[in-house]
Every structure is written in C-alpha cells, then in structure tokens.
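Just below is one structure, and these are the notes that go with it.
The numbers here are math on the coordinates, done by the rules we state, and not lab data. Not measured: the values here are computed from a predicted model. Cβ atoms come from the backbone with ideal geometry, glycine included; neighbour counts cover every protein chain shown.
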Amino acid sequence: MLLETRFEIGDGAGLNSRNLEFLIHDTLATIDRDAWDACFKTDIERYDYLLAVEQAGLAGFEWRYATISYYGVVVAAAPIFLCDYRLETTLERGRLTSLVEGIRKRFPRFLSLRLACIGSPCTECASIGMHPDIPGVWEADLITHLLGSAERWAQMSGYGLFALKDVPMPLGRALSAAVHRREFVAMPGLPTAWLRVDFPDIETYLAGLSSSTRKDMRRKCRAASEVKVERVTDLGNMLPRFLELYHDTRNRSEWQFEELTSDYFTGVLSNLPENAFCTVYRVGDDILAFNLLLHDRDRLIDKFFCMDAVRGKPYNLYYLSWFENLRFCLENGLTRYQSGQAYYQNKLRLGSMLTANSMYFRHQNPALHTLLRWVSPLFSSDGLDKQ
C-alpha cells in the first residue's frame, strides 16, 4: 500500500495536519537511518554525512533535526543548526569586516544574532526532505507546517532569527509557496559552480574551451609526470599533514566560515566508505595537497582542496586536481562535477556554470525584521561580482 493512500484530505486539496506529529530531535541517532534517508533520496549528504558532522565537535554550533510523522512514518525532515550568526560572515575581508570586528571588541554582540537555521554549515545547500510517496499537491502544506513549527520551537528556545541557508534557485513550487506564506525575506548568497560532464574524454573537453585556456591548461599539466596521485579512504598517519594543509588553506581564504576538525574528516571518510574519498598529491615523499570528495552515481562534489601554497605552486596542483576529478567522473559515468562556492573566475574559465543560492530569513521582532530587510543587501555576498 502506498503511503499516500493513508493520508486524510481536509478541505479541498489541503493536508489534514491533525494527524501530523512534529518533533525536534537533539541528535540524529534518535531517528531511524532508513526513515531519514527515504526523505532525501537524491542527496549525497544524508544521514551518514550529517552524523559525521554532528560528531565532529565543531566549535560554536549545535545540531537539531526536525521531523514530521504521520502515524509513525516520517514524511518530512530537515537538519537544523544553531549558532551566534555574524552578519558579515559571507563578506570578503575588507574595510567593512574590519570595522565590524573593531566595534565587536567593545560590543561583543554587535551584528551578531542567535540563529536557528534549516540546513547545515557543512552541506552544499539547504534541503527539506520529503517522503517519495507524498502527493505533490501536499508538499507545500507539509513544508509550511515544518517551517512554522520549527520557527515556533526556535523562538521558544531563544533564537530570534530563523532562516534557511543556501537554498538553490529558482525555488521549487512547493518551497516557494511555503516561504511566501511565512513571509521570509531573501538575501543572495554564494552561487554553486558545477560542470556538466557530457564529453567522452579529456581531449574533447579541452576542445570545448577557448584556445587560450586550452593552451594554458596543456602547459600547466606538463608537471603532472612529477606528481604522484593516490585515492584513499583512510588518512591514517597522513592526518596531521592533512590538517596542516587544511588550516594553511583556510587561513589564506578571503572568507572565514566554520573551522573543521580532524573528527570531521575522519568521520566523513569512515561513515561514507562507498561515497567519500581523498585524493592525495605527492612529489617525491612530500604530500603537497589533499582533495576531499563525495560522490554518488551521478555527481562528484569537491568538498575541500587543501594545498601547500609555496611548494605546490610550481606543479599547478589546483589544475591537476581539476583534471583528475574529471577523469574520475569519466571512469565512473558521472555526469556532474560540482566544485563549490568560491574562486569562480577559474571555474568559469574551465567551463563551469553557476547555480544561484539564497538565504531566507525571518526575525521574531517585527522592527528588527524590517531593519534586517533594509540592510541585508549590505551583507549579501559580493564575491561573485568582484571576480
């Protein structure tokens, strides 16, 4: 019997919410793995990935999980993270961020709000999962019910700002209806870069690039013969070097997001043995770069590329990793290479497209909500325009 045959229809096509149970869980471990993953069938970053994030001990974050059940069957779900959100988080370092940091030394709460947010700081985008047997006509009602219930819980728990992080655009019909019903305000975020792998080999891919880019890539890849490439699912005694490269790369970045831990990297690799791996780049005995990647049968997601900026530069390791990742896609029949939310100039040059993302927010204080709506353009990410 399909799940939809067990639903009760209220007035018209609306879902009868009397038989829906909303719960907030303090840990993902209290939710059945198969029940959660059934709501996120097309996602790579599902139960096992989110559990690795929860157990990674990331400073400044707490985790919650919202579910809606119908007679014991989980029909909708969403991860939630809690933190003190600094409004300048997605801005590049510059005068404005320096000014904010200076003021915050005297007033620690300046432009910092207690945030409850649908999504995760460690996932590619926000996602509200839906059981596959839910009729499409009821999706908007379920999402509205989940958002409203989660927001009320957040307010009761002392989180005045409620949001959805990195929602891909354009919105689906159901989510669009739900965020408009709840009167969320949109704020542009960093887009996601991705490349359609619709070519049979690397030579055909190169032929589709501009002549100057093609020539430059051939020149950059000449150093490949000196670099040893290895794919691993266990970092073992390489972990200290991985963390050293990760922190060096993070400190060089124009954006400062969450700081990951060793437990994050080891947890992702151990929790997703069939869907996660690390590519290691060596010259001689020296490890010069790591690349953490996730994949399913269709996509390869580049999570983190960490490199020794001084010793790795002569070998053009960023570009070597790009072509290594394309080879992995070709070897495994993957059709999409997703390369993340930064450094767009190179990615566009190499044929990538961009999917826009937005953050949607509401504040329980009407005056502060109006103020945030007015000033939000100042704090939306300007990285793409500058590049």
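Write down the percent of antiparallel bridges among all DSSP beta bridges whose residues are both part of the chain, to the nearest 5.
Working: 62 of 69 bridges.
The antiparallel proportion sits near 90 percent.
Taking 0.36 nm per residue of separation and subtracting the current Cα-Cα distance, fully stretching the chain between Ser225 and Arg114 would add 34.9 nm. Phi angles of the stretch 290-302 translate, via the Karplus equation with coefficients 6.51, -1.76, 1.60 and θ = phi - 60°, into HN-Hα couplings of 10, 9, 8, 9, 10, 7, 10, 7, 10, 10, 10, 10, 7 Hz per residue; Gly and Pro are given as x.
Over 29 Å between Cα atoms, which of Lys41/Lys313; Lys228/Lys303; Lys215/Lys313; Lys41/Lys165; Lys220/Lys303; Lys41/Lys220 qualify? Walk me through the intermediate numbers first.
Values: Lys41/Lys313 39 Å; Lys228/Lys303 21 Å; Lys215/Lys313 19 Å; Lys41/Lys165 20 Å; Lys220/Lys303 23 Å; Lys41/Lys220 39 Å.
From Lys41/Lys313; Lys228/Lys303; Lys215/Lys313; Lys41/Lys165; Lys220/Lys303; Lys41/Lys220, over 29 Å: Lys41/Lys313; Lys41/Lys220.
Report the normalised scattering of the chain as log10 I(q)/I(0) at q = 0.06, 0.10, 0.11 Å⁻¹, calculated by the Debye formula with identical scatterers on the alpha carbons. Taking Cα atoms of the chain as identical point scatterers yields -0.26, -0.72, -0.86. A full extension of the chain between Thr370 and Met169 corresponds to an added length of 70.0 nm, given 0.36 nm per residue minus the alpha carbon distance. Simple rule: put +1 on each Lys or Arg Cβ and -1 on each Asp or Glu Cβ in the stretch 216-338, find the dipole, and look at Leu326, Ala276, Thr266; the Cα lying farthest toward the positive end is Leu326.
Taking GluC sites (Glu not before Pro) as candidate sites, keep only those in a DSSP loop with at most 15 other Cβ atoms within 10 Å, then name the longest stretch of the chain containing none of them. Let's see the in-between values first.
Numbers: sites that count: Glu8, Glu183, Glu254, Glu259, Glu274.
Between the exposed loop sites, the longest stretch runs 9-182.
Its residue count N fixes a reference of 2.2 N^0.38 Å for the stretch 193-354, and the Cα radius of gyration divided by that reference is 1.01.
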